[in-house]
1. What per residue convex hull volume, in Å³, comes out for region 28-175 when only alpha-carbon positions are used?
2. How large is the dipole of region 60-154 about the Cα centre if only Lys and Arg carry +1 and Asp and Glu carry -1, each at its Cβ, rounded to the nearest 20 debye?
3. Over 27 Å between Cα atoms, which of Lys75/Lys117; Lys31/Lys154; Lys31/Lys75 qualify?
4. Report the rotationally averaged projected area of region 48-96 based on its alpha-carbon convex hull, in square nanometres.
Amino acid sequence: RTYNCAAVILLGGVFHDGLTNHERSCRIVDKYPAPNIAALIAHALQDDPNESCGLLIGNVDTVDEMQRMSNVNSKPVSRYTMQPAELVEAQEKIRRTNREFVAIYHSHTFTQGYPSKTDIKNAVEVGSISTRHVIVSLVEKTRPIIRAFEINDKSEVTELVIQTDGELTEGLTSP
């Protein structure tokens with residue numbers, strides 16, 4: 001299954017597509033197994049009202065593992081900062097396993113799933129880790145929205161296509 005850009009909305013365990021023609025023009029596909037998508041949503045809901053954060057690990061554009069990270073920011077409700085020692089451990093893991101960081105993820109607990117000015121600034125600073133970013137919006141707690149973006153060194157934001165391998169039925173619990 002392919003879920004294009006915005007409007008990747010979880011409704012009763014199924015993604016629904018409500019896209020504009022502009023959103024359909026997204027150019028990059030990231031492949032996430034359904035259990036990883038479910039785990040992203042579960043992590044965001046568990047950390048709510050604080051922002052969750054972590055890394056999606058795999059090869060090129062295919063995710064095979066989600067690595068949760070601790071948010072150590074002094075304002076975790078509206079910002080995230082990954083715990084440095086955990087980030088070093090994750091970097092060592094990808095070297096050992098010959099994989100890479102496919103994307104950085106975090107949640108927006110009270111705002112839409114689009115990179116804020118701070119997100120874009122931080123993305124440019126950590127571009128060596130990954131230029132791809134996934135945001136889980138919890139504006140509507142019972143209908144989380146997942147969106148993926150590529151943010152380049154010029155602060156240009158391109159929405160990505162998310163492809164998954166099935167329906168989301170496992171790993172989700174009600175908030």
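No value in this document is a laboratory result; all are computed from the given coordinates. Note that the coordinates shown come from a computational prediction; the quantities given were computed from them, not determined experimentally. Don't worry about glycine lacking a Cβ; one is built from the backbone with ideal geometry, like all the others, and counts go over all protein chains shown.
1. Spelled out: Cα convex hull of region 28-175, divided by residues, is 101 Å³.
2. 300
3. Lys31/Lys75
4. For region 48-96, the mean projected area of the Cα convex hull comes to 3.8 nm².
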